[in-house]
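J.: Structure provided below as C-alpha cells; questions to follow.
What follows is calculated from the coordinates using simple rules that are stated; it is not laboratory data. Please read these numbers as outputs of a predicted model, since none were measured by experiment. All Cβ positions, glycine included, derive from the backbone under ideal geometry; neighbour counts span all protein chains shown.
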Amino acid sequence: MNNANHKKSNWKNKTEYLLQYSAQNKVPVSGTFELTSRCNLSCKFCYVKHNSSPEVLLREKSANEWKRMGRQLADNGTVFLLLTGGEPLIRKDFKEIYQELNAIGFHIVLHTNGTLIDEEFIKWFSPIRASKVAVTLYGASSETYKKTTGTASGFSKALNGIDLLLKEGIITEIRSPITKLNIHEAKKISRLGSERGIAVRFFNTLIKNGRGISSETTNVRLTGKEVIALSRMNQTEQENNSFSREEENYITLIQNSFDIPGCNDSNPIPSAMKCMGGKSSFLISWDGKMLPCALMEEPATLPFDYHFLQSWEELVRKTAKITGPAECSRCSLRNYCEVCPAKLQAETGSFNKLSPYICEIAKTKKYIFDHITPLHNENAKEKVSETQTGNH
C-alpha cells in the first residue's frame, strides 16, 4: 500500500471509530445545517423547497442565529458539519455564516447544485475552502435539466461550477439522483466524473417527501427493478475503473447501517434506528427543528428555543423509542432490505407501516441474488475454464 492510500485508510478507520464511539456515548459528532429551503432550481422531486415569499424568509433563521448555533455545536463535540439547503448559496448572507463556521474549525462539506459558483465566489472560497464540495448533477444535457429542474441553463452552469472548483484544487464530487427523467443519461453522468477524475455517487432510491412538501416523486422515481439494475451498472463501472472511487467520507459512513460493537449500556432501549441518526448525528432544518435525519419530520426538538445540548439529549431519548413494523423482524427479505424508520415515515406517514415500494426493491434484490448472480458466476467459471483449456 502506497503512502497516500495508507493515509486514506487510516483516516477512514479513525473516522469510523469516532462515529462508533460517539454513537455509544451519544455525542453529537456530526451535524447538518439546512440553511434554507429556497432554491434557484425547481426539481420535481425536491423534499424541501419553498418559494421566496416574505413568510418563508421570516421563518428562516438569521446568520447570527446560525453562528451562535455553530458555537454551541463545537462546545458539545460536533466535528463534522454538512451545509445544505435548498441551495445554500442563494442566501445573501451565506459568506458571513460560512466564514464563522469555518473559523470555528468544523470539517465542512458543502452540498450545492453548483449553478451559483462563479469566478467571484471561487476567489473568496478558495483560501477558506471546505473539506469537500458535493455538487448535484441532475442530468448530462440541457434538455434533461429542463425536464428535471425547469432550468435548461442549469447544466452548463453546474459543470462550470465543478470545473472552477477543480481548477483551484478543491476536493469535489458529483452526486446524482437518478429518476425516469435522466436514467438514459446515467452513463454520461459517470463519464463527466471520470473525465474530471472525480467520484460520482448515484442516488437511485427516491423516497416520498415526509416534510409537508408537495412533489412529483412517485411519478418520476425508478421502479424496484430499475433501482437494482442501475446499482449493478454503477458497481460494474466502478470495478472497471470507469471513474475514480474517492475515499468514503463521513456522510457515507453515517448513512451505512452497521452494528455498534462494544456497547456498555447495561439497559439498552431497543430501537429500529440502525444508522447514526439521533445517536451521533442530527439535522437542523431551515426553520429551526432538530431531526435525526433529512427525511424525517418527527421526532423533532427546538434547539433555537432552548440550548443545543438540551435539545440534543431530548432528541436522543425520542429517537431511542422509535419502533418499526413487527413484520420486518420475521421477514425472509430482511437481509436484502434497506428499510429504516425515516423511509417508512416519509413513505407511509408512520414508523410501523410497511412500504410497498421498499418491499419491491428488497424482493428484486433477492431475486437477482437467487437467480441472476448464480448464473453470472457459472458463466464466469465457464469462461475461465475455456481460457485454461485453450492455454493447454
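J.: In the structure shown, do any of K146/K180; K188/K208; K157/K188; K95/K132 have a Cα-Cα gap over 20 Å, and if so which? All intermediate terms of the calculation are to be shown ahead of the outcome.
T.: Values: K146/K180 14 Å; K188/K208 26 Å; K157/K188 17 Å; K95/K132 16 Å.
Checking Cα-Cα distances, K188/K208 exceed 20 Å.
J.: Based on the Cα atoms of the stretch 92-153, what semi-axes does the equivalent ellipsoid have, where each is the square root of 5 times one gyration tensor eigenvalue, given in whole Å with the largest first?
T.: Details: eigenvalues 150, 29, 19 Å².
Whole-Å semi-axes of the equivalent ellipsoid: 27, 12, 10.
J.: Show me the trypsin sites (Lys or Arg not before Pro) within the stretch 304-345 that DSSP assigns to loop and that have at most 10 other Cβ atoms within 10 Å of their Cβ. Don't jump to the answer; show the numbers that get you there.
T.: Working: sites: R317, K318, K321, R330, R334, K343; in loops: K321, R330.
Hits after loop and neighbour filter: R330.
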